[in-house]
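Some notes on the structure that comes next.
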Amino acid sequence: MASDDDRVTGGCLCGAVRYAATAAARRVTYCHCAMCRKASGAPVSVFAAFAADALAFTSGRPKVYRSSSFVERGFCAACGTPLTYRYLRSDALSVTVGSLDHPERVAPEGHWGVESHLPWLTIADDLPRKRTDEDPDFAAFAVAAGRKDS
């Protein structure tokens, strides 16, 4: 179990939904895809993925919106804060890094969906960059959901 200083906690703007993780994030990734851009209202999203059984809601629960045939997104029904992202057939649950109490404690390890990267946004790092069609997990989820344009 992580110490209180290392514990990952977060929640929405109004405080109605709170969560805590009992393990470290599996990965932290920038997402440049158009779906995440629309869902967040931001030019890029950053997600921290956890094993689903390592993340618990400690107060309230997010309202869930199925944004595609294979993805669900959670948000606070009271204030609208985007909170979670989950492939329907995955054992992982991602949270928005902006909803963490201490987002400075995690750092992105790569960029995903770079074919949708906005040309006027410069993120000067040397992290790996991956297109959605280069991600075998994404392709498998899309195929399982019957999506043909993955």
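For the stretch 101-121, filtering for residues that are part of a loop (DSSP other than H, G, I, E, B) and among the hydroxyl-bearing types (S, T, Y) leaves 0. G98 meets all of the listed conditions (1) part of a strand (DSSP E or B); (2) under 17 Å from A21 (Cβ atoms) but one, namely (1). When V71, V46, V64 are screened for being modelled with pLDDT of 95 or more and under 13 Å from the mean Cα position of the chain (by Cα), only V46 passes. Among what's in the stretch 24-69 and is more than 25 Å from P119 (Cα to Cα) and among the aromatic types (F, W, Y), pick the residue that is least open to solvent (accessible area, probe 1.4 Å). The qualifying residue least open to solvent (accessible area, probe 1.4 Å) is F50. Filtered by the rule that a residue be open to solvent by 10 Å² or more (accessible area, probe 1.4 Å) and either in contact with a Gly (Cβ under 6 Å, 6 or more places away or on another chain) or free of Cβ contacts under 8 Å to residues at least 24 places away in the same chain (or both), the stretch 6-23 gives R7, A16, R18.
Selection of the stretch 64-86 for residues being over 13 Å from F47 (Cα atoms) and hydroxyl-bearing (S, T, Y) yields Y65, S67, S68, S69, T81.
Can you report the number of residues in the stretch 12-41 which are touching a helix residue (DSSP H, G or I) at 6+ places or on another chain (Cβ under 8 Å) and assigned to a loop (DSSP other than H, G, I, E, B)? Of the residues in that region, 5 qualify. Has the stretch 128-140 got at least one residue that is modelled with pLDDT of 95 or more and out of contact with any helix residue (DSSP H, G or I) (no Cβ under 7 Å at 6 or more places or on another chain)? Yes, the stretch 128-140 contains a residue that is modelled with pLDDT of 95 or more and out of contact with any helix residue (DSSP H, G or I) (no Cβ under 7 Å at 6 or more places or on another chain).
The values are calculated or read from the model by the stated rules, or taken from the named source; none is laboratory data. Please read all numbers here as calculations on a predicted model, not as lab measurements. Here the Cβ is made from the backbone with ideal geometry for all residues, glycine too, and neighbour counts use every protein chain on show. To get the accessible areas, we keep the full protein, side chains included, count just its heavy atoms, and leave off ligands, DNA and RNA. Shrake-Rupley method; radii C 1.70, N 1.55, O 1.52, S 1.80 Å.
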